[in-house]
Amino acid sequence: MRIGEDVLGVLSRLEVDTETASVKIGDGQLDRKLYVSVNKVLEALGGKWNRGRKAHLFGVDPTAKIEHCLLTGTFVDPQKEEGWFPTPPLLAEEIVEAAGSGLLLDKRAAMPHGVLNGVRLSWGKREPEDILGLCIHQSASANQNPLRTAEYHAGPGNHITPGRPLPGLAYTFAIANDAGPPWLCTDLADKTWSQGSTRPGDENRHLVGIVVMGAFCGPGWEPPHARPGPSKAQLDKLDGLAAWLGKIFGFGGEGYFGHYHFGKSACPGYAVANWLEASRDADDKAAFASAREWQQALLRWHPEALPRYGADGAWGRESRECLTRFQQQHHLGVTGLQDPFAQLVLLHLYPETP
Ligand SMILES: [Zn+2]
């Protein structure tokens with residue numbers, strides 16, 4: 001495919017680090033359309049945007065490929081011309097490093113998986129740049145072993161998809177008990193259903209699911225086996241894991257959610273909810289100070305989104321229906337409300353451009 005002049009201009013000014021095989025776009029902020037075009041070429045050459053490093057990572061030095069593009073003014077779009085997608089090694093490096101330094105236990109190989117009619121089930125996939133935050137749960141049982149919860153989820157008797165097994169544990173990480181580091185239970189690229197629902201779109205495309213093992217008191221839920229927890233050690237591990245994920249994917253407290261944000265008020269319980277809300281407050285990046293700012297963001301998504309009243313600052317029926325459509329199309333929880341998750345996704349996908 002031919003490369004446009006404006007894209008060639010950007011490619012000629014890339015900052016290539018041959019040692020780390022990474023590439024930075026040297027011009028500062030590009031407008032969205034130009035960025036998408038440049039990104040398309042870099043991905044076709046085998047690069048993958050990494051939020052944490054703010055660079056495209058290639059695995060091998062891409063200098064020769066980029067020079068070839070500049071010389072010929074063309075590139076091969078693998079999607080259109082060869083029928084395949086280059087698959088990035090999803091964060092493999094970071095995981096190996098964290099496991100080596102004792103920050104997490106890589107338990108993926110040991111986890112039970114769901115099988116239906118002899119076929120091993122698997123989750124849908126997401127890309128690293130899809131990940132904007134995390135969502136915390138409690139296991140709500142006295143069981144401290146995530147393998148047992150995984151057996152339950154991967155069996156037909158689970159409550160999430162009754163009569164059908166799930167592909168595996170419906171969370172990416174588990175904080176097992178007081179003794180060890182957090183468990184990595186599924187690949188970070190797996191879109192698990194850890195918001196706890198089977199409704200289409202409730203897959204965790206944007207959030208990493210974490211379960212804290214134990215039964216903890218929460219609003220409306222205090223059975224005899226529940227205790228006011230989790231322990232201090234579990235909370236510390238949660239804190240460390242959240243910070244590690246935030247560093248890799250580039251989010252702070254504004255990306256911290258609990259299942260209660262999505263309608264399950266007792267999950268993950270008072271203690272974790274308090275920690276979550278304190279973290280959210282500490283990194284309060286709420287950019288929408290008014291209904292008008294919500295409307296302006298919705299108009300960045302779709303210029304015709306508010307045909308009758310536009311960004312008039314009054315949050316009426318047209319605005320509510322528009323936000324509902326936005327949530328539906330982006331596979332978010334459909335609340336029709338100005339909730340913090342809808343705000344996070346709007347801000348991420350349709351940021352204000354200077
Ligand atoms: Zn939950």
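Each reported figure results from applying straightforward, stated rules to the coordinates on display, with no laboratory input. All figures in this text were calculated on a predicted structure; none of them were measured in a lab. Here the Cβ is made from the backbone with ideal geometry for all residues, glycine too, and neighbour counts use every protein chain on show.
Worth pointing out:
- Among GLN295, CYS69, GLY220 the positive-end extreme of the charge dipole of the chain (Cβ point charges): GLY220
- Applying 0.36 nm per residue to the separation of TRP301 and GLU321 and subtracting their alpha-carbon distance, the gain on full extension is 5.8 nm.
- When the alpha carbon gyration tensor of region 92-282 is reduced to an equivalent ellipsoid, its three semi-axes come out at 22, 20, 17 angstrom, largest first.
- For region 91-108, putting each phi into the Karplus relation 6.51 cos²θ - 1.76 cosθ + 1.60 with θ = phi - 60° gives couplings of 6, 4, 4, 4, 5, 4, 4, 5, 5, x, 8, x, 7, 8, 9, 7, 10, 4 Hz, in residue order, rounded to whole numbers and with x for Gly and Pro.
- Computed from phi, the 3J(HN,Hα) profile of region 253-264 under the Karplus parametrisation 6.51, -1.76, 1.60 (θ = phi - 60°) reads x, 4, x, 8, 10, x, 4, 5, 5, 10, x, 9 Hz, with x in place of Gly and Pro.
- Around the Cα centre of region 92-282, unit charges on the Cβ atoms of Lys, Arg, Asp and Glu (plus for the first two, minus for the last two) sum to a dipole of about 580 debye.
- Each Cα pair under 8 Å and six or more residues apart adds its separation to the average, and for region 220-354 the resulting relative contact order is 18 percent.
- Choice from ILE95, ILE210, ILE175 with maximal GNM fluctuation in the chain (Cα, 10 Å cutoff): ILE95
- CYS267 long-range amide H proximity, modeled H, under 5 Å: TYR260
- Max mean-square fluctuation residue, GNM over the chain, Cα-Cα springs under 10 Å, options ASN177, ASN39, ASN204: ASN39
- The alpha-carbon of LYS125 sits under 20 angstrom from the alpha-carbons of these lysines, leaving out residues fewer than 8 places away in its chain: LYS40, LYS48, LYS107, LYS191.
- Assigned charges on the beta-carbon of Lys, Arg, Asp, Glu; the chain dipole about Cα centre (debye): 860 debye
- Pairwise FRET efficiency - ASN177 versus ASP6, Cβ, R0 = 45 Å, nearest 0.05: 0.20
- For the chain, alpha-carbon Rg and Dmax in angstrom: 22.1, 72
- Cα-projected label distance for ARG227 with GLN338, points at 7 Å along beta-carbon direction, nm: 4.2 nm
- Cα gyration tensor shape of region 5-82, rounded if a/c is under 1.5, else prolate or oblate by comparing a/b with b/c: rounded
- Sequence-separation-based contact order of the chain, relative, with Cα cut under 8 Å and 6+ spacing, percent: 13 percent
- Taking label points 7 Å from Cα along the Cα-to-Cβ direction, LYS247 and ARG148 give a separation of 3.4 nm.
- Loop-located trypsin sites (Lys or Arg not before Pro) in region 9-72, at most 15 other Cβ atoms within 10 Å (DSSP): ARG13, ARG51, ARG53, LYS54
- Estimated from helices alone, the mean residue ellipticity of the chain at 222 nm is -9500 deg cm²/dmol (sum of -39500 (n - 2.57) over DSSP H runs with n ≥ 4, per residue).
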